[in-house]
Amino acid sequence: SVEVKRDYFKGVNQANNMLYAAALYYLADYSASAWILSKLYKNENHSNEIDLFISNFLKKEILNGKKSQYDYRLKMYLISGNAIFLRSLKRRINSTKSIAFAEDINLYFSSILAESIILKFEKDNIWIDLLKIKNEVQFWKKYIDHNINKKVPIWTFFPSQKSAILSGLLSDNTCSLQMPTSSGKTSITELIIYNE
């Protein structure tokens, strides 16, 4: 449908349509599908900073290059694990949303979407999951730096990885993992080695 059905719809901004679809995949816990869809359109197709931020978030391209004020706050959170940056980001998005309500309905809708993404991310990201295991930012910093700087950055664990972690993977007990292809076994193994 990406290449065939879209031609039947007139007056639809295809780049934003794909961006919103990708964001909905992210919100529904299909982050890999969100990443793939978000890569279909270049950032030049997005006209405002909120849409660029959503695109950069879904593409996991927050850390490199010149970015927006929204990107900067998320980048600082990813690097430091300090939740003050996420709170600042939420306030900034909320401010944009409030102003856009009266002035630009498209920006308003994008702001709602960005806000939803950050509310989900705030509860489901690599920092949150690891700090539940051991509440020491400095202990996890090198591991997280390694993951957020990969070719395809890891900001959140897949549900299968979270399940393994919550099942005691990092405890002193012996365990066995049976996970499908591309479910994150290598990353989990790196986590076990790092924790040891």
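Side notes on the structure shown:
- Pairs over the 29 Å Cα-Cα cut-off, from the set Lys59/Lys162; Lys134/Lys185; Lys90/Lys185; Lys142/Lys162: Lys90/Lys185.
- Efficiency of FRET between His146 and Asn106 - r from beta-carbon atoms, R0 25 angstrom, step 0.05: 0.05
- Phi-derived couplings, Karplus 6.51 cos²θ - 1.76 cosθ + 1.60 at θ = phi - 60°, listed residue by residue for region 180-196: x, 4, 6, 9, x, 5, 5, 5, 5, 5, 4, 5, 4, 4, 4, 4, 5 Hz, with x used for Gly and Pro.
- Placing dummy labels 7 Å off each Cα toward the beta-carbon, the span from Asp124 to Lys42 is 3.2 nm.
- Remark: region 86-163 projects, on average over all directions, an area of 6.4 nm² (convex hull of Cα atoms).
- The residues of region 40-196 present an accessible area of 55 Å² per residue when probed at 1.4 Å with all protein chains retained.
- With kT/(6 pi eta Rh) evaluated at 25 °C and eta = 0.890 mPa s, and Rh the Kirkwood radius from Cα pairs, region 122-169 diffuses with a coefficient of 221 µm²/s according to Stokes-Einstein.
- Diffusion coefficient (Stokes-Einstein, Kirkwood radius over C-alpha pairs, 20 °C, 1.002 mPa s) for region 140-196: 180 µm²/s, rounded to a whole number.
- Cα-based values for region 51-112, radius of gyration first and Dmax second, are 12.0, 35 Å.
- Nearby aspartates and glutamates by direct alpha-carbon distance to Lys42 (threshold 18 angstrom, same-chain neighbours under 8 apart not counted): Glu3, Asp51, Glu61, Asp71
- On Cα atoms only, tilt of 137-148 relative to the major axis of the chain in degrees: 60
- Applying a DSSP loop filter and a limit of 12 other Cβ atoms within 10 Å to the GluC sites (Glu not before Pro) in region 111-176 leaves Glu136.
- The chain: relative contact order as a whole-number percent, Cα under 8 Å and 6+ apart: 14
- In the chain, the C-alpha radius of gyration followed by the widest Cα-Cα span (Dmax) gives 18.0, 59 angstrom.
- Shown is the FRET efficiency for Ala83 and Gln14, computed with R0 = 25 Å from the Cβ-Cβ distance and rounded to the nearest 0.05: 0.10.
- Percent accessible area from carbon and sulfur atoms, region 109-192, protein chains only, probe 1.4 Å: 55
The values are calculated or read from the model by the stated rules, or taken from the named source; none is laboratory data. None of these values were measured; they are calculated from a predicted model. Cβ atoms come from the backbone with ideal geometry, glycine included; neighbour counts cover every protein chain shown. These accessible areas exclude ligands, DNA and RNA; they are computed on the full protein's heavy atoms, side chains included. Shrake-Rupley method; radii C 1.70, N 1.55, O 1.52, S 1.80 Å.
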